[in-house]
Every structure is written in structure tokens, then in C-alpha cells.
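The values are calculated or read from the model by the stated rules, or taken from the named source; none is laboratory data. Everything quoted here is computed from the prediction, not taken from an experiment. Here the Cβ is made from the backbone with ideal geometry for all residues, glycine too, and neighbour counts use every protein chain on show.
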Amino acid sequence: MNALVLILALAQTPAGPTPTTEAREPAPPPGPVVAFDVVQAGAPLGTITLVLWPDKSPLSVANFLEYLRSGHYDGTIFHRVIPDFMIQGGGLTPEMEEKPSRPPIRNEARNGARNSRGTVAMARTSDPNSATDQFFINVRDNHSLDFGMRGAGYAVFGEVIDGMDVVDAIVATPTTRRGQHENTPTRPVIIERAYEVEGKEPAER
């Protein structure tokens, strides 16, 4: 009987305060966030949003932002599109004319950042220190492009945080040869506007 009374008394004892989980502010992005509004044949394809990594690639990020802020990328095309590899743009108009560029920058591929799916890297010629305005977005893990794998490597300076579906749509577009340029979309894929974004949160890639 005494045991039963004790059990009933414990059951009626008010529960202690319930621990509350304090909401935390999401961590800010590690660097500037930028976006491309992309169109093809006058129809929107969507927006590609990138976060840049100035801690890993300060020269590449500063160079890229200078071009972006000057309006250089507005109206340029993704002129080189290779399935299961990457999309490249930033330097040509829809008429396949090269835009004027500034002096090249030093290759930062030794930064340890890998050419993984969704990352953005500086395009260049066979000269490791020849990157200017053009960049590419990896559509798969292209670790053979990393420093030391086949030479000087290609400097990664950011990654896509939203709009990877747009990148995948671009890489699936039919291509042809236009002049000296191979793997060029038959209908130009145009960066209508390139701009900086405030307060963008990462999405699933």
C-alpha cells in the first residue's frame, strides 16, 4: 500500500521546466555572394548563385569581382559547354567576339581547393598564370584539374550555392562549332546580368 501511495505521489509531482532550444542565426557565407541571371533565346533559364572564397583565392576573387562590378559579365555567354565536364564563360559576346580584358593574374591553384562538382575556377591557357576574365563551373568532380595532378592546376575560388539545376540545363544544351570555338551552344546561353547578392542562404546542390 505504501509503495502504491509513493508511485501516485510521484506521478502527481509537477514536472520541471522543459529545456528550450534557442534559435541560432545561420552562419554568414564565407565570402561575397554573386548571381548570374541566365537566358537562352530570350527565355529565362534561371539564376546561378555563387559564394566566393577570398580566404582561399584572394587574387582570383578580387579579379572576378572587379570584372563583375564593372558590368563586364553582363551580356557575355557560356561559350564552351562539355557534358560531364564543365561550362565556361565570361569573355565572349553572343557574336563570339572577345571582350577586352585586364592583365592576367597569378595562378592560385595551390590553395588546396578542389575542382569538385559545383565549384567555380579560373579558366586559362597553357600558361599557368594567364587567367583574366573567363571562368568555368565544374559539373562533376574534375580532380585531375587540381594542382599537382597534371601540372599547375586550375584555381578554384568559389562554389555554386543555388541554381545547380541551371548549370545542368546549360551543359545539356546542343552544341556546335562556331569559328575556332568548339562545344558552343547552338543557341547562345547568355548571362543577362551579373550582380552581388546580400544575405543569400545556401541551398541544396
Selection within the stretch 29-44 - on the phi < 0 side of the Ramachandran plot and over 16 Å from the mean Cα position of the chain (by Cα): VAL39, GLN40, ALA43, PRO44
Based on what the data block shows, is ASP37 acidic (Asp, Glu), in a loop (DSSP other than H, G, I, E, B) and modelled with pLDDT of 95 or more? no
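Go through SER60, SER116, SER101, SER130 for me and flag whichever is touching a residue at least 24 places away in the same chain (Cβ under 8 Å) and touching a Pro at 6+ places or on another chain (Cβ under 8 Å). Spell out the reasoning first.
On the way: SER60 fails: touching a Pro at 6+ places or on another chain (Cβ under 8 Å); SER116 fails: touching a Pro at 6+ places or on another chain (Cβ under 8 Å); SER101 fails: touching a Pro at 6+ places or on another chain (Cβ under 8 Å).
Among SER60, SER116, SER101, SER130, only SER130 is touching a residue at least 24 places away in the same chain (Cβ under 8 Å) and touching a Pro at 6+ places or on another chain (Cβ under 8 Å).
Please find, among GLY153, GLY158, the residue that is outside any loop (DSSP other than H, G, I, E, B), modelled with pLDDT of 95 or more and either crowded, with 22+ Cβ neighbours inside 10 Å or out of contact with any helix residue (DSSP H, G or I) (no Cβ under 9 Å at 6 or more places or on another chain) (or both).
The unique qualifying residue is GLY158.
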Can you tell me which of (1) surrounded by 14 or more Cβ atoms within 10 Å (Cβ to Cβ); (2) touching a Gly at 6+ places or on another chain (Cβ under 8 Å) is the one ASP55 doesn't meet? (1)
Please enumerate the residues belonging to the stretch 69-78 that are outside any strand (DSSP E or B) and crowded, with 21+ Cβ neighbours inside 10 Å. TYR73, THR76
Just wondering, is there one or more residues in the stretch 111-118 that are among the hydroxyl-bearing types (Ser, Thr, Tyr), modelled with pLDDT of 95 or more and touching a strand residue (DSSP E or B) at 6+ places or on another chain (Cβ under 7 Å)? yes
Residues being at pLDDT below 95 and over 15 Å from ILE82 (Cα atoms) - total across the stretch 161-205: 10
I'd like the residue in the stretch 109-150 that is part of a loop (DSSP other than H, G, I, E, B), polar (S, T, N, Q) and more than 16 Å from the chain's Cα centre (by Cα) and, out of all such residues, is surrounded by the most Cβ atoms within 10 Å (Cβ to Cβ). THR132
